[in-house]
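One structure is given here, and the rest of the page talks about it.
The values are calculated or read from the model by the stated rules, or taken from the named source; none is laboratory data. Quick caveat, the model's predicted, so the values are computed rather than measured. For neighbour counting, all protein chains shown are included, and Cβ atoms are generated from backbone atoms with ideal geometry for every residue, glycine included. Only protein heavy atoms, including side chains, enter the accessible area calculation; ligands, DNA and RNA are left aside. Shrake-Rupley method; radii C 1.70, N 1.55, O 1.52, S 1.80 Å.
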Amino acid sequence: TSEQNDGVSRYGWLMHDGENFGVQEIRDEGLVLKTEFVKRPGGDHGGDWSWRVTAKMEGKGPAPLLSLFFYVATDGQGTLRPVLENGTRLAAVAGTAEELGDFTLTFLPPTGEGGEGTKYASYNFLAAGVPGLHRLTDLVRQSLRDSSIFSPPGRPRRRFFGVSSTGGLPGEPPRGQLLLHQVTLEPPAVLEVTLESGSAAGARRGRLAGPVLSAALAQHAAAFEQRFEDTFGLGARGVSLLQRRFAQAALSEMLGGIGFFHGRSLLRSEHQEEPVPGAESMLFTAVPSRSCFPRGFLWDEGFHLLLLSRWDPALARDILAHWLDLLNADGWIPREQILGDEARARVPPEFVLQHSETANPPTLLLALERLLPNAPLLYLRRLSPRLRSWFEWLNRTQAGPEPFTFRWRGRDTDPERFLNPKTLASGLDDYPRASHPSAQERHLDLRCWMALGARVLAALAERLGEPHAPYRDMADALSDNDLLDRLHWAPELGTFADFGNHSAAVALRWHRPAPVPGRPPPAPQRRREVREAPRPQFVGALGYVSLFPLLLQLLRVDSPRLPALLDSMRSERQLWTPFGLRSLARDSPWYLRRNTEHDPPYWRGSIWVNINFLALRALHGYARAAGPHRERAAELYRELRHNLVANVFRQYEATGFLWEHYRDSDGAGQGCHPFAGWSALVVLAMAEDY
């Protein structure tokens, strides 16, 4: 598994077309591993595919001993039969699986760099039952013994850790099979693995290995380069070769993270007291981060699809359809898809349970708006009932205290624990909201998302020749600038804002709980202290939420509110930095403040690429429309685009990764890495494709 804390210096896909080809590079303490694959369609089960792994050392010095582990496993179905040479080398696996039919997986002997001459290697083999894919690492680690000997002819013998031939995890009944091939050698070396499909045998023109694989890789690499330029046009725009390689890697890392997940979510329903497993589900999706978040996130996926829909509209449509197939009977989609044991093993326990009242921004509709003009009508007809059901669920369950207002449900319920109770449903987690959650809150960002949703559903109904007036009327009402002013413009703050039961005079203070007789003294805790009673008022937290009427382009081009928002964006005291727009104004009382003693600031000052992309998209739109603020919007657009692209590229060059968010003081990457989810939207910003 890809683990952020393993200390690998840099890794990621450099090229990946999302279907038939990919090149990945992994650098670890002087070792450079290059993994490449090609798929050759044919037969009834996807055809043949081959991998090549090239291992070499940077710099001079004695070559270390290197072990590569190749895992072949089943998960509840399928059979694997090992074909051994000399009792220790797994030469091949003869297998059968429901989706793959009959297949043969062959491990070719390693060769020297350039594919010349067989390379001396030691081999170890493990066959075991596994209780689930999430236990593979534990099983292999348990089977390692420091007793294997590497003894090349005429050279000193060396001891290494090798897997023993049989094993399992005691007390856990197997659900599948593992065959593991361990190859131990001195780099440089090249290893190839071929999977040949039984149903493709008639059309096969020789094995996809050696020079044939080299030719296929070269052909696919050239095709990828050409397709990338045809799609994004960065070369024609004069973008440097280094920046084009970076953009290719950003797209490729997102494509390389796409996965197929199956299993059941764990849900807390308003109809049940105890958590219940959800329906058996399948999800084909991109992921925010292979190392940190290797699963589907609802609001992230809408941003992912903005990029994927430019590269491969059919792929994006397939992913969007999978997400909408997750709707339950009420029209709800869980915001985080933790399907099955393998996904659950990577999630902290407090985040596993999905609550049926909790929404998430409907960003899938951003992607649909982009796909709408060219999507096949039959596809749209199948999508339409699901989209309407989802939107109606949002409209019904997230309604606010008065008409045309909305409120995120599911805010943190222990206000004394938090400086400002989180609103995970919004996607902006710890962004400051009303200090005392209540049913009287009006959330600006959610209202703007609902306006976007109504607009897209109206356009969808129009395209299908169906009645669209109800959605158009709702979109018009939610885009009405006078009504927006009345509900969300805060004259005393000079900006748009949430409204709720709020006090700005709050702080975290150390508190020692009362001792309990006969028990050790309790540890001190930081608890919230309210120095001024809350009252219904606008929430003074200038930042991303304040910009939403601009971000989703609800403000008219001649809106008298646009100058104030543009001023806040450009003010270095507020949102402007040389690296992008920060999430919360520097002069805000919550700027970079911890939410609990264990909760560092998240959406309280950092620069996030997804919201900066929405800002670029909106500024680009206002700059192209005739209006009094056109030139100012164009100027901000040019500066912001330069700052954001330059910093994300600079951090990639320095570290080898895209990052979850970026520090507003110096632009340094923070949080998860590699994060080629919405941070990969930098590619669209480079192409000025909105």
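Selection over the stretch 88-126 of residues that are touching a residue at least 40 places away in the same chain (Cβ under 8 Å) and either open to solvent by 60 Å² or more (accessible area, probe 1.4 Å) or not basic (K, R) (or both) gives a count of 26.
In the condition set (1) of a type in the set (S, T, Y); (2) surrounded by fewer than 23 Cβ atoms within 10 Å (Cβ to Cβ); (3) part of a helix (DSSP H, G or I), S546 is compliant with all but (2). Of all residues in the stretch 62-87, those satisfying the criterion of being in contact (Cβ under 8 Å) with a residue 12 or more places away in the chain and among the β-branched types (V, I, T) are V72, T74, T79.
Just one of the listed residues (E36, E29, E85, E99) is more than 20 Å from I258 (Cα to Cα) and within 31 Å of the chain's Cα centre (by Cα), namely E29. Among the residues making up the stretch 3-33, those that are in a strand (DSSP E or B), open to solvent by less than 40 Å² (accessible area, probe 1.4 Å) and either of a type in the set (D, E) or under 23 Å from L307 (Cα atoms) (or both) are Y11, G12, W13, M15, H16, F21, G22, V23, Q24. Could you tell me whether any residue of the stretch 296-305 is of a type in the set (A, V, I, L, M, F, W, C), open to solvent by less than 10 Å² (accessible area, probe 1.4 Å), closer than 20 Å to L364 by Cβ and touching a Phe, Trp or Tyr at 6+ places or on another chain (Cβ under 8 Å)? Yes, because at least one residue in the stretch 296-305 is of a type in the set (A, V, I, L, M, F, W, C), open to solvent by less than 10 Å² (accessible area, probe 1.4 Å), closer than 20 Å to L364 by Cβ and touching a Phe, Trp or Tyr at 6+ places or on another chain (Cβ under 8 Å). Taken over the stretch 427-447, the criterion of being of a type in the set (A, V, I, L, M, F, W, C) and either buried (at least 22 other Cβ atoms within 10 Å of the Cβ) or within 15 Å of A504 (Cβ to Cβ) (or both) is satisfied by L428, A434, L444, L446.
For (1) more than 30 Å from F675 (Cα to Cα); (2) modelled with pLDDT under 95; (3) surrounded by fewer than 20 Cβ atoms within 10 Å (Cβ to Cβ); (4) not acidic (D, E), each residue gets a yes or a no:
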| site | (1), (2), (3), (4) |
| --- | --- |
| T166 | yes, yes, yes, yes |
| E172 | yes, yes, yes, no |
| A203 | yes, yes, yes, yes |
| D230 | no, no, yes, no |
| L241 | no, no, yes, yes |
| R244 | no, no, yes, yes |
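Among the conditions (1) surrounded by fewer than 17 Cβ atoms within 10 Å (Cβ to Cβ); (2) within 33 Å of the chain's Cα centre (by Cα); (3) not β-branched (V, I, T), the only one that P211 does not satisfy is (2). Among residues of the stretch 49-61 that are within 13 Å of P110 (Cβ to Cβ), those with a beta-carbon under 8 Å from a residue that is open to solvent by 60 Å² or more (accessible area, probe 1.4 Å) and not in a strand (DSSP E or B) at least six positions away or on a different chain give the pairs T54/E113; K56/E113.
Yes or no: the stretch 635-658 includes at least one residue that is over 20 Å from D300 (Cβ atoms), surrounded by fewer than 21 Cβ atoms within 10 Å (Cβ to Cβ), at pLDDT below 95 and hydroxyl-bearing (S, T, Y). No. Considering (1) closer than 24 Å to M474 by Cα; (2) touching a residue at least 60 places away in the same chain (Cβ under 8 Å), the lone condition that A439 does not fulfil carries the number (2). Taking the condition open to solvent by 50 Å² or more (accessible area, probe 1.4 Å), of a type in the set (D, E, K, R) and within 20 Å of E416 (Cα to Cα), does R561 pass? Criteria not met by R561.
Confirm whether F70 is in a strand (DSSP E or B), over 21 Å from S151 (Cα atoms) and touching a His at 6+ places or on another chain (Cβ under 6 Å).
Values: in a strand (DSSP E or B): yes; over 21 Å from S151 (Cα atoms): yes; touching a His at 6+ places or on another chain (Cβ under 6 Å): yes.
The answer is yes for F70.
Looking at A359, A314, A343, A329, just one residue is out of contact with any Gly (no Cβ under 6 Å at 6 or more places or on another chain), open to solvent by less than 60 Å² (accessible area, probe 1.4 Å) and free of Cβ contacts under 8 Å to residues at least 24 places away in the same chain, and that residue is A314.
The residue pairs whose first member lies in the stretch 237-254 and is without any contact (Cβ under 8 Å) to a residue 40 or more places away in the chain, whose second member is of a type in the set (A, V, I, L, M) and not in a helix (DSSP H, G or I), and whose beta carbons are closer than 7 Å, counting only pairs six or more residues apart or on different chains, are R244/L234. Could you run through the stretch 659-690 and say how many residues are open to solvent by 20 Å² or more (accessible area, probe 1.4 Å), under 17 Å from the mean Cα position of the chain (by Cα) and among the aromatic types (F, W, Y)? The total comes to 1.
For the stretch 326-358, the candidate set comprises residues that are closer than 23 Å to D75 by Cα and among the acidic types (D, E); within that set, the residue that is farthest from the chain's Cα centre (by Cα) is D341. Tell me which residues, restricted to the stretch 41-66, are touching a Phe, Trp or Tyr at 6+ places or on another chain (Cβ under 7 Å) and open to solvent by 40 Å² or more (accessible area, probe 1.4 Å). Within the stretch 41-66, W49, W51, L65 meet the criteria.
Out of the residues in the stretch 405-426 that are over 22 Å from P589 (Cα atoms) and of a type in the set (G, A, S), which is most open to solvent (accessible area, probe 1.4 Å)? My answer is G410. With respect to the conditions (1) in a loop (DSSP other than H, G, I, E, B); (2) out of contact with any Gly (no Cβ under 8 Å at 6 or more places or on another chain); (3) under 18 Å from D429 (Cα atoms), S588 lacks only one, and its number is (2).
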